[in-house]
Number of protein chains: 4
Amino acid sequence: MYQHHVQYYETDKMGITHHSNYIRFMEEARLAFFKDIGFDYMEFERLGLVSPVVALNNIRYKKPSTVDDVIAIEVKVKAFNPFVLTLHYVMTLEGTVIFEGDSEHCFLSKEGKMVPITEKTFPALREKLLELVEKE
Amino acid sequence: MYQHHVQYYETDKMGITHHSNYIRFMEEARLAFFKDIGFDYMEFERLGLVSPVVALNNIRYKKPSTVDDVIAIEVKVKAFNPFVLTLHYVMTLEGTVIFEGDSEHCFLSKEGKMVPITEKTFPALREKLLELVEKE
Amino acid sequence: MYQHHVQYYETDKMGITHHSNYIRFMEEARLAFFKDIGFDYMEFERLGLVSPVVALNNIRYKKPSTVDDVIAIEVKVKAFNPFVLTLHYVMTLEGTVIFEGDSEHCFLSKEGKMVPITEKTFPALREKLLELVEKE
Amino acid sequence: MYQHHVQYYETDKMGITHHSNYIRFMEEARLAFFKDIGFDYMEFERLGLVSPVVALNNIRYKKPSTVDDVIAIEVKVKAFNPFVLTLHYVMTLEGTVIFEGDSEHCFLSKEGKMVPITEKTFPALREKLLELVEKE
C-alpha cells in the first residue's frame, strides 16, 4: 500500500499536518495506484491525455497526523463511466483511519477536449477500471 | 471581497494552478472573512481556541486559473450550530465562477476538547454567525 | 514596495513561517519587480523566454515571521551581464530586516538554449537592467 | 542514501520541479541524516531544542528534475562549532549532480535562547558531529 512519510514542512503552527496537504497525498497515492494497475500516468501525459481533478467530495479529517508519521493510503475505484472516474481514499496511521475522501476526474486532450475512455480510445484502461469498480 | 493573486509557484506542469492550492485559498479567504466580521482568528488562537477543518464538501473545479490571475473569493456562512460551522466559498475570475466548495469546522481548546460556541462561551461570535446564516 | 501577507498554511510546527517559503516570496517579489520596470515576465514566457533560478546566495534568516505578518520586500539589481542577472532581496517586518538574499538567473529559450540579453535580442530590457545596476 | 520521489504537485508550469522545493528536500534529507547518526530531531524538539535554518549558501541548480524522478540526496557535515552547524547537500539524478548547497543551523531553546552544543549540554551529539566533520 502507498505510504507517505510526513515532513516537517507539511506541518503548520497547530503542530499538525496542514489539511491542504492531504489533497496532495491523495494525488501521490493516485499516481502510485495508476502505476500499480499498469497505467503510468506520466506515460498518458506524454500521449497527450491529462486527467484533472474536477471534484472532491466527502473529505473527512478524522484524526491529526504530524511530522515523521507514516500514513498508509488505500485507493479504490468507486465509480467509472467513460467521462468520469471516481476514486475513494482511506488513510490510516498505525491502523486508525485518519482521513477519507473521494476525488472525481475527467479525461482531456492537451487542447482541453473531453476524451471518453471507451473500447475504442483506451480499451485496456477501461477494462481494468471496470474490473476494479465491480470488486467493490 | 478577498482576492488572491496566483503565484508562479502555485502552478503545476499542466500550466495551471494546482488543485490543492484552492484549499489554501479557502483558508486565506476564511481568515480574512473572520477579520471582516470582527473576529480575528489569530486572537482566538491566542485565547486558546482553534477551529480546524473537519470536512470539505462539494468541491468543484469548474475552470482553471494560472499565474498572475486575480481570483475573487466570496465566503458565506452556510450553516451554524454550537459544534459545527459550515462555510461556502465561490471563487470567480473576471466574473466567471471557477471554483465552489464548502468547509466544515469545529471548535477546540488547545488540549483538543470540544468548545461549543454558545451564549455563555462566545456570545458575540455566536450572534454574528447566526445573523449571517439567516441572511442566506 | 511589494508586500506579502503571511498565511496560516505558510507556518510550520515551530509556529513561524517555514524557511522554504521565503524562497517563494522572493519569486513573488521578483515577478512584481519585472512588472514594475515595464517587463511582464509572463509576457516573456509567452514569447518563449524563461529565466530560471540558477543559484541562491547569502540567504540569511535574521528574524522569524508568522501568520498575518505583512512582509515588505525590496528587490534590487545587484549585477547584470548578458548571461546572468543577480537580484538582491531585503525583507522587512515593521521596519526590521528579517531576511536577505540573492538569486541568480539565466535566460533560456523554451528548448533550453541560452539566450543572451543583448542590444540585439532584448535592447529595452538590457538598457533598463544596466540602468538599475548602476544605481547601486 | 536518502531518496525523494518527485511529486506532480512539486512541478511548476515550466514542467520541472519548482526551485523552492529543493530547500524542502534539503530538510527531508537533514532529518533522515540526524536519525541515521542516532539523533532523532523530533526527540530533540520534545526535549525543547530547535535547530532553525539561519542561512543557505552556494545553492546551485545545475539540472532540472520532474515528476516521478527519484532524487538521491547526500548530506555531509561541512563545519561545526558549538553555535553553528553547516551541512552540505549533493542531489543526484541517475548519477548526475543536479543540485548542491549548504545550510547553516543554530541551536535554540523553545524560549529562543542560544543553546551551545558542548561537552556539558549534548556531549554525544557534539562528539558525533566532530567525528563527521573530520572525515571530510
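The values are calculated or read from the model by the stated rules, or taken from the named source; none is laboratory data. Because the structure is a prediction, the values reported are computed rather than measured. In this analysis, Cβ positions are derived from the backbone assuming ideal geometry, glycine residues included, and neighbour counts consider all displayed protein chains.
Given the criterion more than 29 Å from D:Glu28 (Cβ to Cβ) and touching a Lys or Arg at 6+ places or on another chain (Cβ under 9 Å), identify the matching residue among C:Gly48, C:Gly101, C:Gly15.
Working: C:Gly101 fails: more than 29 Å from D:Glu28 (Cβ to Cβ); C:Gly15 fails: more than 29 Å from D:Glu28 (Cβ to Cβ).
None of the other options fit; the residue is C:Gly48.
Here are the criteria: (1) farther than 25 Å from A:Asn21 by Cβ; (2) surrounded by fewer than 18 Cβ atoms within 10 Å (Cβ to Cβ). Tell me which single one C:His5 does not satisfy.
(1)
From the list D:Pro116, D:Pro123, pick out the single residue that is over 24 Å from C:Gly101 (Cα atoms), surrounded by fewer than 17 Cβ atoms within 10 Å (Cβ to Cβ) and in contact with a Phe, Trp or Tyr (Cβ under 8 Å, 6 or more places away or on another chain).
D:Pro116
Which residue, of B:Glu104, B:Glu45, is buried (at least 16 other Cβ atoms within 10 Å of the Cβ), of a type in the set (D, E, K, R) and in contact with a strand residue (DSSP E or B) (Cβ under 6 Å, 6 or more places away or on another chain)? Give the steps one after another, and end with the answer.
Values: B:Glu45 fails: in contact with a strand residue (DSSP E or B) (Cβ under 6 Å, 6 or more places away or on another chain).
It is B:Glu104.
Any residue at all in the stretch B:94-116 that's within 17 Å of the chain's Cα centre (by Cα) and assigned to a loop (DSSP other than H, G, I, E, B)?
Scanning the stretch B:94-116 turns up at least one residue that is within 17 Å of the chain's Cα centre (by Cα) and assigned to a loop (DSSP other than H, G, I, E, B).
Check B:Asn58, B:Asn21 and return the single one that is within 14 Å of chain A (Cβ to nearest Cβ), outside any loop (DSSP other than H, G, I, E, B), among the polar types (S, T, N, Q) and farther than 29 Å from C:Leu31 by Cβ. If you could, list the steps in order and put the result at the bottom.
Numbers: B:Asn21 fails: farther than 29 Å from C:Leu31 by Cβ.
None of the others qualify; the one that does is B:Asn58.
Being closer than 21 Å to B:Glu134 by Cα and in contact with an Asp or Glu (Cβ under 7 Å, 6 or more places away or on another chain): is that true of B:Leu93 here?
In short, no.
Taking the residues in the stretch B:1-18 that are assigned to a helix (DSSP H, G or I) and touching a residue at least 40 places away in the same chain (Cβ under 8 Å) as candidates, determine which candidate is farthest from the other protein chains (Cβ to nearest Cβ).
Out of the qualifying residues, it is B:Glu10.
Would you confirm, using the coordinates I've provided, whether A:Ser109 is among the hydroxyl-bearing types (Ser, Thr, Tyr) and within 18 Å of A:Met26 (Cβ to Cβ)? Show your work before the answer.
Numbers: among the hydroxyl-bearing types (Ser, Thr, Tyr): yes; within 18 Å of A:Met26 (Cβ to Cβ): no.
No; evaluated as a whole, the condition is false for this residue.
What residue, among those in the stretch C:48-83 that are basic (Lys, Arg) and under 13 Å from the mean Cα position of the chain (by Cα), is surrounded by the most Cβ atoms within 10 Å (Cβ to Cβ)?
It comes out as C:Lys78.
Could you grab the pairs with beta carbons closer than 7 Å, sequence gap of 6+ or different chains, first residue in the stretch B:74-96 and closer than 13 Å to B:Gln3 by Cβ, second one of a type in the set (S, T, N, Q)?
Taking only residues 6 or more apart or on different chains, the pairs are B:Leu93/B:Ser65.
Could you run through the stretch D:24-55 and say how many residues are within 14 Å of D:Leu87 (Cβ to Cβ), away from chain C (no Cβ under 11 Å) and in contact (Cβ under 8 Å) with a residue 60 or more places away in the chain?
Number of matching residues: 4.
Inside the stretch B:106-121, can you point out the residues that are touching a residue at least 60 places away in the same chain (Cβ under 8 Å) and among the basic types (Lys, Arg)?
Of everything in the stretch B:106-121, just one residue is touching a residue at least 60 places away in the same chain (Cβ under 8 Å) and among the basic types (Lys, Arg), namely B:Lys110.
Residue-by-condition table, conditions (1) modelled with pLDDT under 95; (2) touching a Leu at 6+ places or on another chain (Cβ under 8 Å); (3) within 14 Å of chain C (Cβ to nearest Cβ); (4) closer than 20 Å to B:Ile23 by Cβ:
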position	(1), (2), (3), (4)
B:Asp69	no, yes, yes, yes
B:Phe80	no, yes, no, no
B:Leu87	no, no, no, yes
B:Thr92	no, no, no, yes
B:Phe99	no, no, no, yes
B:Asp102	no, yes, no, yes
B:His105	no, yes, yes, yes
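Quick one: B:Glu45 ticks every box in (1) touching a helix residue (DSSP H, G or I) at 6+ places or on another chain (Cβ under 9 Å); (2) outside any loop (DSSP other than H, G, I, E, B) except a single one, so which number is it?
(1)
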